[in-house]
Amino acid sequence: MSSPPGGKASPSLPVGAAAMAADPPPSPTGARSFPEPGAHRSGGLSRMRLSAVGRIPGQRGARAVRAVPSLARRLWPLRRPAVSSAVVALALAGSGVLILHLVQRQTGTAGLLVGLGLALLPLPFVLGSLAWLNQTARVPIRHTLFCLAWGACAATTVAILANGWASDFLIAHRGARGETWGSEFATPLIEEVAKGSALLMLLLPLRRQHDEPARPPGRLRRLRRRRLRRRRGAPERPAALFRPAPAGRQRARSRPRTLAAGAVLGGVTASGFAFTENALYLGRAFTADRQARLDAIGLGRTPSLRDFDGTVHTFVLRALLSPFAHPLFTALAGIGLAVTLTTGRRWAARLGAPAGLLLAMGLHGVWNAAAGLGTDGFLLVYGLVMVPCFAALVCFAVWAQTRRTRQPTGPG
């Protein structure tokens, strides 16, 4: 053994101590420890090990980890509930002003006011039925208000603009057949996707929240600790609406609460959509009847209540016979999305949301096609298709209500 330059011999280490000095002990957390870059051979292997230092197996790398906090810091104001709520409220208010302008252009001021008044009549009955189902779902009031505003303002704005463009395109290329395709295929696709976007915005962040790592960034941890300190002594909140199946255990079926929540969110969104759509159609009918009555008076005819038969017919068809049509369509899409987000079966998770959306679009297309079959054809489709589907939805609501006391409310 050679001596150091000072002339003193270095003390010899035992064999076990030398082995421990050469190989450091494993990390107590179980993570793999990497030796220093100088301990490896020079060349490609050394460069590969050097690039791997600091990474944890199963993650995307140091650059991706560093990019996430920087992006979070840039978007930090939007992560605050007050700021994000204000931004959403301003966006919905802007879309509400735009949809009022679009409806007023087609109906006139008098038609707009009459249409809004008549469309408001069936809305409390529909929302009351959904509130009864919400006893099982327990959806927060802020979510229901957001869905109602989204359906009445944002979804209808997108639907009116997109339906007009799609109809003009199909008519220009297919003529009369294009108009039929637009009402039976394009319109259900556009409207159901526009309404279902609210469900995605509400449910997907909850899924990401349950899938994120157990240890959040430092600033987020501090904020959570502050919230926990403020909530000391407060009553325990119910479990999350949509919770994925825990690791190592798969749930055979979704809880009734999760399915009822999907139906409630979809139904409330469609209720707002149906309110604005009814106001548009009723306002159009009233404007047409009013103009026909003025023309009849100009020709010397005696005015009567029969002059507004078009408005009465539209009100009976849309407000009395089919107030639950749109809620039924979107409730099916909400149930399918709830199955996808909560079930533990892989095939059900893959087929739930697409099957629900396709079923909603199919029923919507059949409903639109029935309007062109005349009175007899419409009543036939109404009795053979719509009534059984609505009865099935009522049976589902009763089943979810009866199973509410049998299912545990805790997590999992």
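The values are calculated or read from the model by the stated rules, or taken from the named source; none is laboratory data. The model shown is predicted, which means the values in this text are computed figures rather than measured ones. Cβ atoms come from the backbone with ideal geometry, glycine included; neighbour counts cover every protein chain shown. The area values use the complete protein model at the heavy-atom level, side chains included, leaving out ligands, DNA and RNA. Shrake-Rupley method; radii C 1.70, N 1.55, O 1.52, S 1.80 Å.
Somewhere in the range 167-175, is a residue modelled with pLDDT under 85, in a loop (DSSP other than H, G, I, E, B) and over 16 Å from the mean Cα position of the chain (by Cα)?
Yes, there is a match, as at least one residue in the range 167-175 is modelled with pLDDT under 85, in a loop (DSSP other than H, G, I, E, B) and over 16 Å from the mean Cα position of the chain (by Cα).
Residue under question is A186, and the condition is that it be within 24 Å of A355 (Cα to Cα) and either aromatic (F, W, Y) or open to solvent by less than 30 Å² (accessible area, probe 1.4 Å) (or both); does it hold?
yes
Touching a residue at least 40 places away in the same chain (Cβ under 8 Å), in contact with a Gly (Cβ under 7 Å, 6 or more places away or on another chain) and of a type in the set (S, T, N, Q) - does that describe any residue in the range 104-117?
Yes; the residues of the range 104-117 include at least one that is touching a residue at least 40 places away in the same chain (Cβ under 8 Å), in contact with a Gly (Cβ under 7 Å, 6 or more places away or on another chain) and of a type in the set (S, T, N, Q).
In the range 124-143, how many are open to solvent by 30 Å² or more (accessible area, probe 1.4 Å) and on the phi < 0 side of the Ramachandran plot?
So the count comes out to 13.
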